Every structure is written in structure tokens, then in C-alpha cells.
Amino acid sequence: MAMIAMAMLFLTFVTFYVVYAILALADSPLIPSESSLTPTRWEFLTLAGLCVIGLTIASRSAVALARRIVAPLHSMGRAARSIADGDLSARAESQSGAIGETAMLIEDFNAMAERLERAAMDIVTWNAQIAHELRTPLTILKGRLQGMADGVFVADEAMIRRLLAQVEGLGRLVEDLRIVSLVESERLGLELADVDLASEIEDLILLVKPALDKAGFSLELQLARGKARVDTARVRQAILALIDNAQRYADPGPLRIELRLTDDDVDLRVIDPGPGMPASFAQDAFRLFTRSDDAAARHRSGSGLGLAVVEAIARAHGGTASYQPSGKGSAFIMMLPRRVPSFEA
């Protein structure tokens, strides 16, 4: 910047001198006849003084601007090197005098570092949770099979059915993890078809109603008729996850399933009788392996995968999954795009 200032001063002086010389050689009345084309000592001193003043101003401006640009970049560089060395908690220091673009760059860098740290922590948590969820059924299977091999347990039909139930639980856990991982990597393929969701839900209810009746739940259906373009198997899986979630964590009572259709959206709701979800936990309810302290205190079983699977399936369809209180109970909502060119009444 100092060199640019010096160059501009010199260019200005040369330009004015050339114009002065042209006017003098043309005998312009603006220039006295006794004037000389050679700069005087005072003119040289004036030029030198202007150069010193311009150099000082330019140098100070350059230093101030460099500090506002380079200092934040140095801070971000140090944070990047710390993250590369494994310290994911490192952040770039926000500078009070940073200019707009530099300040935005620091904010974006820190946001990226925070997401990276959270993802790394989630991986550690997920690995621990997966190991925990797999340990119990595997321990049961190993113990029962070892007991059968040693003659401690009799390999009768009841024992085999109990072992099959543990295998089915393992299968559901693996499938839930597969769904979530495929959605996160954007590799979950959907087999979309125009289906009558009300009929699909009614068929599904016939399968789960005996278990719900046994658990003390009564079903209420409010289903709008009409077709929507969805992956039927995935939507059924999501509905089963919501019903299973209610069966695990809600108090026995009326369980309502609502289906509303608009020209653009499918609004599917599973509403349980309560006791509801703590407001502090609601925002994390759809994350992997999350369970509220209240559910843990009440010794309710569950892997914390059900709502994450619901959210993953909704996101794969281009929709959303959410929670909202409904009276004393909870309403779990899936909003999906309908995607059908012509609708049936």
C-alpha cells in the first residue's frame, strides 16, 4: 500500500508537470512568460513532503488493515492446526475489529469445527450404545445355547421361541441402524408407488392390535382417503416405530392415529395418552440413542433408535418428523410430500 501511495503521488506530479510543460510551450496565457520548465527547489521540497505524508498515511492504513485481516487468519490457522493434531475443541478467536468477510469466515470455521466435534462425539457415543444394545441379547443367546449344550436347559419349543425373539430383536436393531446410516449417507433408495395410505394403515393395525389390546391400549383411527406417492414398506416401518414407542413409554389408554391429506402434503400423526415428553428433551428426541431421564427412571426398555428411524424415513421422502404436546399426551407427526399428479376424493 505504501508503494502504491508513492506511485500515485509520483504519477500525479508527472501528470501535472507534463500539462504545465505543454501549456508553457504553447505560450498559454495561464503560464507566465518568465516561468521555467525546470522544477525549483521549493517544488522538489513540496513533492518530497507530500511523499512523506502519503507514505506515513499509507503505512498506518496498511498496518491497521493487515491487523484486521491477518490476525483473524492467524487465529484460524492455529485452530486448524490444533484440529489437525486431534484437538477438536479448538476454535478460532473472534476479533472485534475484523472486517465483515473475515468475521463471517471465522464464524463459518467455528461452526464447522463444532459440527465436526459433535460428529466425533456422536460416533463414540453410538459405538458405545451399539455395543450396549448388542451385549444383552448376545449374552442371553450365548448363555441359553451354552446351557442347552451342557444339558442345563431343555431345547423345547418354548426355549426355541424365546431364542428366536432375541434373534428378531437383534435383526430389528441392525435394520434400524442400517436405515439411519443409509439416510445419513444419502444412499437409501425408495420404491415409490401411488398407494391408499388409509388402507395400508388399516391392514397394519390388524397385525398390531392384539399386542396393543394386551398392553391396555385402545385404537382410534381418523384416516382421510386418498392416494400418495410413498415407499409403503418404509412408511409402515415408521408407523410401527411410533406405535412401539407409544407402547413402551406412554401410559395405557386411547391411542389415536390420524391421517390428513392436502394437495401437497401427507400429515400422519400418532397421538398417545401421555404423560408427554419433557420440553427440555423434545428437541433431542429424534437423535440416535437418546432417551429422556424420565423414561430411564421409569425403567422403560428401548434402544433410543425408534424416533431416529422415523425421522430418517421422513427425511428420505423429503419430509420432516416432529413432536408437539397434545393435551396431556404426545403427538408425533410425519409430514411427507404427497407427489401425486391427480388426486382421488
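The values are calculated or read from the model by the stated rules, or taken from the named source; none is laboratory data. Predicted model, so just to flag it, every value in this text is computed and none were measured. Ideal geometry is used to build each Cβ from the backbone, glycine not excepted, and the neighbour counts take in all protein chains shown. Only protein heavy atoms, including side chains, enter the accessible area calculation; ligands, DNA and RNA are left aside. Shrake-Rupley method; radii C 1.70, N 1.55, O 1.52, S 1.80 Å.
Summary table
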{"read-out": "Where a residue in region 236-262 is on the phi > 0 side of the Ramachandran plot and its partner, wherever it lies, is buried (at least 23 other Cβ atoms within 10 Å of the Cβ), with Cβ under 8 Å and at least six apart", "value": "Gly253/Asp272"}
{"read-out": "Of all residues making up region 110-163, the number that are at pLDDT 80 or above, of a type in the set (Asp, Glu) and open to solvent by less than 60 Å² (accessible area, probe 1.4 Å)", "value": "1"}
{"read-out": "Number of the exception - Gln166 against (1) over 30 Å from Gly77 (Cβ atoms); (2) surrounded by fewer than 14 Cβ atoms within 10 Å (Cβ to Cβ); (3) without any contact (Cβ under 8 Å) to a residue 40 or more places away in the chain", "value": "(2)"}
{"read-out": "Verdict on Ala193 being over 24 Å from Val230 (Cβ atoms), loosely packed, with under 14 Cβ neighbours inside 10 Å and small (Gly, Ala, Ser)", "value": "no"}
{"read-out": "Top-ranked residue in region 320-340 [being buried (at least 20 other Cβ atoms within 10 Å of the Cβ) and of a type in the set (Gly, Ala, Ser); ranked as farthest from the chain's Cα centre (by Cα)]", "value": "Gly329"}
{"read-out": "Some residue of region 307-316 being in contact with a Leu (Cβ under 7 Å, 6 or more places away or on another chain), modelled with pLDDT under 75, open to solvent by 20 Å² or more (accessible area, probe 1.4 Å) and not aromatic (Phe, Trp, Tyr)", "value": "no"}
{"read-out": "Scan of region 181-210 for residues that are modelled with pLDDT under 80 and within 30 Å of Ile140 (Cα to Cα), ordered by number", "value": "Ser181, Leu182"}
{"read-out": "Residue within region 50-66 that is closer than 22 Å to Gly100 by Cβ, open to solvent by 90 Å² or more (accessible area, probe 1.4 Å) and either among the small types (Gly, Ala, Ser) or at pLDDT 75 or above (or both) present", "value": "yes"}
{"read-out": "Considering residues of region 70-99 that are in contact (Cβ under 8 Å) with a residue 24 or more places away in the chain, out of contact with any Lys or Arg (no Cβ under 9 Å at 6 or more places or on another chain) and open to solvent by 60 Å² or more (accessible area, probe 1.4 Å) only, the residue farthest from Thr12 (Cα to Cα)", "value": "Ser89"}
{"read-out": "Unmet criterion (only one of (1) open to solvent by 40 Å² or more (accessible area, probe 1.4 Å); (2) at pLDDT 90 or above) for Arg178", "value": "(2)"}
{"read-out": "Given (1) part of a helix (DSSP H, G or I); (2) closer than 18 Å to Ala316 by Cβ; (3) touching a helix residue (DSSP H, G or I) at 6+ places or on another chain (Cβ under 7 Å), number of the condition Leu190 does not satisfy", "value": "(1)"}
